[in-house]
Amino acid sequence: MDDNTLKTNLKTVLGPGLNPAQGKGAPQKIDPNAPSFKETLSESIKQVDNLQKEADQAIEKLVSGESQNVHGAMLAVSKADIAFQMTMQVRNKMVEAYQEVMRMQV
């Protein structure tokens, strides 16, 4: 699994708005073949889940004596932890954006 998966998926979701090459008033081209926000978010959550499962498997192998690779197990746990923290931050930003929209007066 690619270490930059979550970062890549976030760039896909946020990319058009974060491109410094485009001016503030420049029109943004939308690729009709690009995955939707829902698909991208769903895929990112699945990848975080896979990292969690890989970390669990690494710990189980270490505890059972099947593996002596403490470094690999700690690395898997750290990857899963960072991915989960990033997912929680994205969730928090989405909730904040929703609350901001709900506060808007029509």
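A short reminder: the numbers here are calculations on the coordinates, not readings from a lab. Fair warning: this is a prediction, and the values are worked out from it, not measured in the lab. Glycine also receives a Cβ, built like all others from the backbone with ideal geometry; neighbour counts cover every protein chain displayed.
General observations
- Förster radius 35 Å - calculated FRET efficiency between residue 95 and residue 70, Cβ distance, rounded to 0.05: 0.40
- Per-residue HN-Hα couplings for region 62-76 [Karplus 6.51, -1.76, 1.60; θ = phi - 60°; Hz; x = Gly/Pro]: 5, 5, 6, x, 5, 10, 10, 8, 5, 4, x, 5, 5, 5, 5
- Remark: relative contact order (region 37-106) = 32 percent; criterion is Cα-Cα distance under 8 angstrom and separation of 6 or more residues.
- Spacing of the modelled spin labels on residue 84 and residue 53, each 7 Å from Cα toward Cβ, amounts to 1.6 nm.
- Residue-wise HN-Hα coupling along region 32-39, computed from phi with Karplus coefficients 6.51, -1.76, 1.60 (Hz; x: Gly, Pro): x, 8, 5, x, 6, 4, 4, 5
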